[in-house]
Each structure stands twice: as structure tokens, then as C-alpha cells.
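> Encoded as C-alpha cells, here's the structure I'll be asking about.
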Amino acid sequence: MGRSLLGGGGLVNVLVTGASRGIGERIARAFCKEGHRVLLNYHVDKERALRVRDALRAQGGEAEVCGGDVADPAAARALVKRTVELWGAIDGLVNNAGLCRDKTILKMTEEEWRRVLDVNLSGTFWCLKFAAEEMARKKSGFIINIASLLALRGGVGCANYAAAKAGVVGLTKSAARELGRFNVRVNAVLPGFHNTDMGAAAWAKNAEKILGEHVLGRLGDLDELGRFVVFLSQQQSVSGQIFNFESRVV
Ligand code: NAP
């Protein structure tokens, strides 16, 4: 069966950055569950990425791992190249890798500002650019950028993170405008609070307040978020759009 094609429910080869845990892991799982092939990127925790790969394989999924810091353009290029080497083409990219270094503006160091912008915004840009080069050549592909609701809400102690994620929103809309003529769709998903490693500290401190703001009285479900990203990847007529994923009203 031809397996490198998009559209019409075809199976796809997808690069998911930051897929060794948390939201990225669930997105990878959701793609694998539908029979798609997934390259799982991680930065430092190879063991964890290998465990995710093995679990996906045990469920019949097709997955490989590839390390690399998305903030490094050479590493981002290598991730795209690896996907093509493995499976002949890259059909989808989910830009999920991200980190936070929370500090109020008055206390924030240059390193904390730069690193968050480098990974969350520039890392998204590099992966998008190199994947887009491949996708434009074959005139098909999708890119889904995982931003954050904080891009729209802002927050205390996360100006670097909110600014980077707002940048991802602008990048998404610009990329959609530029790449549409190559049949490459670019959208962003803005998760609200999810209880992953990244969210653990905020959850420990503010669980009641966070829950209270959710009109459904519960957090977003990680597996549902994974399925939502897969669903979005299949919408052939949608590009340049921003989707909030949670029940806090902005
Ligand atoms: P997480 O549990 O901390 O996982 C982060 C993932 O990103 C890990 O796989 C990590 O790999 C990888 N990563 C970090 N820096 C990287 C880099 N420089 N290059 C490549 N990979 C890197 O985070 P999460 O909660 O799942 O968040 C995933 C995405 O959703 C992020 O973009 C985050 O901003 C966004 N988001 C999260 C929430 C939330 O409440 N959790 C809300 C809104 C948006 P290693 O383990 O190898 O470091």
C-alpha cells in the first residue's frame, strides 16, 4: 500500500517534536493509532523517548526516535531529513517541543528570556521552514504549531513564554499565507492548562484556581488533545486558523 500520501484519508509520515512525554507523546500516540508513521523527537531524555517508541510499537504503531534541540537550525534540518530518509517523504509536522522558565519581568534574566524564545518560537520556525521546503516541493503537507492560550491571555511570571507563543500565532498565520499556494496547510492549537511535567508546578500551587476558571469544571484531556490534532491534520480546507483547546473562556 502507498503510504506517503496526504489527503483522502491517506496515511502520513509525521514528525512530532518534543514527543518523549506530555502532550507530544499523546499526539504521537494518536497518529500511530490511526496507522500513521511518527518520528518522535526529544532533546535530552533519550531513554524516555525510546520507552514511548516501544510502547507505540507494542500497540502496532510505526515509530522511530531522533534527538535534537529544535532551537539549533542544523538539528531542526536533520530532523526533517531523517523523516524523509526513513519513509521517503514528510507529510506532517507537529511543532510541539517547548519549555518554560517562569520568572516575573523584574527578575527575569537574559538567559531565561532568550532560551524560551529560542526554543518555543525560533525552534518552531526552523522546523517549519525545513519541513515546508520539502512539502512545497511535493505540493502537499500540514504543519500544526502547538502554541498556548497564554499567547492570548498573557500571564504573571511568564512574559517570555507568552511572547514566544504569541509569536507562534503570528508565524502560523504568515506561514499559512505564504505556503497555501503549495497546498501546505498551517494551523495552530492553543492548549490551555494540561497536567504534564510542564504544568506540574502551577498545578501544585493553583489547582483550585485553575479548575475554577474552566467552565466545564475539568481540565482538557490529553488523549482528546492528541485526537484533535490528528483531526485537524485531516481537514483539507482549513489553514491559517487558531484553535483554543480547553474550557476557559478568553
Ligand atoms: P513537557 O511535559 O515539559 O514536555 C516537553 C517536551 O518537549 C519533551 O519531550 C522535551 O524533551 C521536549 N523539548 C523541550 N525542549 C526541547 C528542545 N529544545 N528541543 C527538542 N525538544 C525539546 O511539556 P508539555 O506540557 O507536554 O508541553 C508540550 C507543548 O505544549 C509545549 O510547546 C508547551 O508550551 C505547550 N503547552 C503546554 C501546556 C500545558 O499546560 N502543559 C499548555 C499550553 C501549551 P526532553 O524530555 O528530551 O527534554
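The values are calculated or read from the model by the stated rules, or taken from the named source; none is laboratory data. A quick note: this is a predicted structure, and the numbers were derived from the prediction, not measured. Every residue, glycine as well, gets a Cβ built from its backbone with ideal geometry; the counts of neighbours run over all protein chains shown. The protein model used for the area step is the full one, side chains on, heavy atoms only, and it has no ligands, DNA or RNA in it. Shrake-Rupley method; radii C 1.70, N 1.55, O 1.52, S 1.80 Å.
> Once each part is reduced to its C-alpha centroid, what is the distance from region 81-131 to region 220-234 in angstrom?
20
> Let me have the relative contact order for region 13-244, percent, based on Cα pairs under 8 Å that are six or more residues apart. It would help to have the intermediate numbers written out before the result.
Numbers: 453 pairs, mean separation 47.9, N = 232.
Relative contact order for region 13-244 comes out at 21 percent.
> Moving on. Over region 74-192, what relative contact order in percent results from Cα pairs under 8 Å that are six or more residues apart? Can you show the working numbers first?
Working: 191 pairs, mean separation 36.4, N = 119.
In percent, rounded to a whole number, it is 31.
> How large, in percent, is the carbon and sulfur part of the accessible surface of region 13-244 at a probe radius of 1.4 Å? It would help to have the intermediate numbers written out before the result.
Working: 5390 of 10690 Å².
So the carbon and sulfur contribution to the accessible surface is 50 percent.
> Pick out which of A63, A164, A201 has the largest mean-square fluctuation in a Gaussian network model of the chain, springs linking Cα atoms closer than 10 Å.
Per the Cα network of the chain with a 10 Å cutoff, A201 tops the list.
> Averaged per residue, what accessible area in Å² does the chain show with a 1.4 Å probe, protein chains only?
Working: 11750 Å² over 250 residues.
Here the per-residue accessible area is 47 Å².
> Mind ordering 114-127, 78-91 by average Cβ neighbours within 10 Å, highest first?
Values: 114-127: 22.4, 78-91: 19.3.
Going from most to least packed, we get 114-127, 78-91.
> Cα axis of helix 123-138 to longest principal axis of the chain: angle in degrees, 0 to 90, nearest 10?
20
> I've got another one for you. In debye to the nearest 20, how big a dipole does the chain give about its Cα centre with +1 on each Lys and Arg Cβ and -1 on each Asp and Glu Cβ?
380
> Still on this structure: Looking only at R57, R185, R137, which one moves most when the chain is put into a Gaussian network model with springs between Cα atoms under 10 Å?
Greatest mean-square fluctuation among the candidates belongs to R137.
> Using only Cα atoms, locate the centre of region 151-203 and the centre of region 9-33, then give the distance between them in Å, rounded to an integer.
18
> Placing +1 on the Cβ of each Lys and Arg and -1 on the Cβ of each Asp and Glu in region 17-144, which of A58, A89, V38 has its Cα farthest towards the positive end of the resulting dipole?
Working it through, the farthest residue towards the positive pole turns out to be A58.
> Can you check what the net charge comes to around E47, using other residues whose Cβ is under 14 Å from the Cβ of E47 (Lys, Arg +1; Asp, Glu -1)? Before the final figure, lay out the partial values.
Numbers: positive: R21, K46, R48, R51, R53; negative: E25, D45, D54.
So the environment of E47 carries a net charge of +2.
> OK, next. Quick one: of K46/K209; K46/K81; K81/K139; K33/K209; K33/K81; K165/K205, which pairs are farther than 27 Å apart, Cα to Cα? Could you put the intermediate results ahead of the total?
Values: K46/K209 35 Å; K46/K81 19 Å; K81/K139 17 Å; K33/K209 34 Å; K33/K81 24 Å; K165/K205 23 Å.
Violating the 27 Å Cα-Cα cut-off are K46/K209; K33/K209.
> Where the eigenvalues come from the Cα gyration tensor of region 13-244, what are the semi-axes √(5λ) of the equivalent ellipsoid, largest first, in whole Å?
On the way: eigenvalues 138, 79, 64 Å².
Values for region 13-244, descending: 26, 20, 18 Å.
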